[in-house]
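Beneath this line is the structure, given in structure tokens, with notes to follow.
The values are calculated or read from the model by the stated rules, or taken from the named source; none is laboratory data. Computed from a predicted model, the values in this text were never measured in an experiment. Backbone-built Cβ (ideal geometry, glycine too); neighbour counts: all protein chains shown. Ligands, DNA and RNA are stripped out before the accessible areas are found, and what is left, the full protein with its side chains, is counted by its heavy atoms. Shrake-Rupley method; radii C 1.70, N 1.55, O 1.52, S 1.80 Å.
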Amino acid sequence: MADVLDDLAAEYRQLDAVLAALSPAQWSAPSGADGWTVADVVLHLAQSEEAVGSPAVGDTGSFLPSTATTVDGAMAGLVAAERGMPPDALLARWRKAAFATPDTLRSYPPGTRLAWVRTSLSPRTLATTRLAEHWAHAQDITAPLGIDYPDTGRLRHIAWLAHRTLPYAFSVAGRPDAAVHCDLTAPDGTRWTFGDPAAPNRITGPAADFCRVGARRLTPEQTALTAEGPDAAEALRLVRNYAA
């Protein structure tokens with residue numbers, strides 16, 4: 001896999017090119033995130049990137065230790081408290097935070113654990129979650145506006161994250177873990193595989209579909225993915241690229 005920090009920076013640049021070209025009306029348009037405008041989505045991304053640079057991230061643990069508060073609920077509250085910034089100021093705020101993130105995460109020594117949402121993560125895993133979130137919210141911005149946002153090889157990081165966190169997804173649903181092998185087709189037609197090929201459950205199909213299901217932007221039924229094995233369909237229903 002390519003270096004995730006380099007790919008994270010590339011994802012920021014791809015989104016930045018979209019945001020820089022938006023008209024005022026497009027900033028105010030509804031996004032694919034329920035109840036949020038495009039500006040709200042960018043504000044959320046700016047706020048979460050600012051958290052990466054916060055001193056609190058160096059404290060191992062989590063930002064939301066209580067499961068009584070959902071991640072979506074907490075993020076919605078932060079956006080509601082600050083919405084209304086002019087687009088130029090909002091874009092500058094997001095750029096300042098986002099473009100600092102790769103170097104911030106690269107500066108930590110090996111073995112560092114960083115506090116994030118429900119648990120502590122390594123700097124590179126945190127970078128992967130940032131890439132996954134920016135990619136998912138880029139869909140929320142571009143799809144309703146009819147703007148092209150091509151899939152790239154950077155999806156490999158997101159597909160890895162979705163597969164790697166399947167035990168978490170099962171636990172959130174109160175289900176025992178199940179071994180799953182993923183055999184996915186990359187945007188360029190190459191194969192990406194994750195997990196033990198001898199696992200009793202197997203998910204195959206386009207990596208872009210798998211990532212969108214994990215981001216809850218598509219349901220499994222809306223994709224070309226196939227699930228074989230006693231728990232494969234359930235894994236595909238539960239998979240997620242982000243914390244609950």
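Scanning the range 138-155 for residues that are open to solvent by 20 Å² or more (accessible area, probe 1.4 Å) and farther than 15 Å from ARG13 by Cβ gives GLN139, ALA143, PRO144, LEU145, GLY146, ILE147, ASP148, ASP151. The set of residues from the range 218-244 being surrounded by 18 or more Cβ atoms within 10 Å (Cβ to Cβ) and within 19 Å of the chain's Cα centre (by Cα) comprises PRO220, ALA235, LEU236, LEU238, VAL239, ARG240, ASN241, ALA243. Does the range 181-195 include one or more residues that are within 12 Å of the chain's Cα centre (by Cα) and either buried (at least 16 other Cβ atoms within 10 Å of the Cβ) or farther than 26 Å from ALA98 by Cβ (or both)? So far as the range 181-195 goes, no, none of its residues is within 12 Å of the chain's Cα centre (by Cα) and either buried (at least 16 other Cβ atoms within 10 Å of the Cβ) or farther than 26 Å from ALA98 by Cβ (or both).
One residue alone among ALA235, ALA244 is out of contact with any Phe, Trp or Tyr (no Cβ under 6 Å at 6 or more places or on another chain) and under 21 Å from GLY73 (Cα atoms), and that residue is ALA244. Screening the range 142-244 for helices (runs of 4 or more DSSP H) wholly inside it with 1 or more residues that are among the charged types (D, E, K, R) returns the ranges 155-164, 207-214, 232-238. Consider the range 57-66 and keep the residues that are more than 18 Å from the chain's Cα centre (by Cα) and over 14 Å from THR112 (Cβ atoms). The one that is modelled with the highest pLDDT is SER66.
For the residues ALA162, ALA115, the requirement of being over 28 Å from GLY205 (Cβ atoms), buried (at least 18 other Cβ atoms within 10 Å of the Cβ) and either touching a residue at least 40 places away in the same chain (Cβ under 8 Å) or of a type in the set (Gly, Ala, Ser) (or both) singles out ALA115.
Assess whether LEU91 counts as being within 19 Å of the chain's Cα centre (by Cα), of a type outside the set (Gly, Ala, Ser), open to solvent by less than 70 Å² (accessible area, probe 1.4 Å) and at pLDDT 90 or above. No; evaluated as a whole, the condition is false for this residue.
Taking the stated definitions as given, is GLY214 open to solvent by 10 Å² or more (accessible area, probe 1.4 Å) and not β-branched (Val, Ile, Thr)? The answer is no for GLY214.
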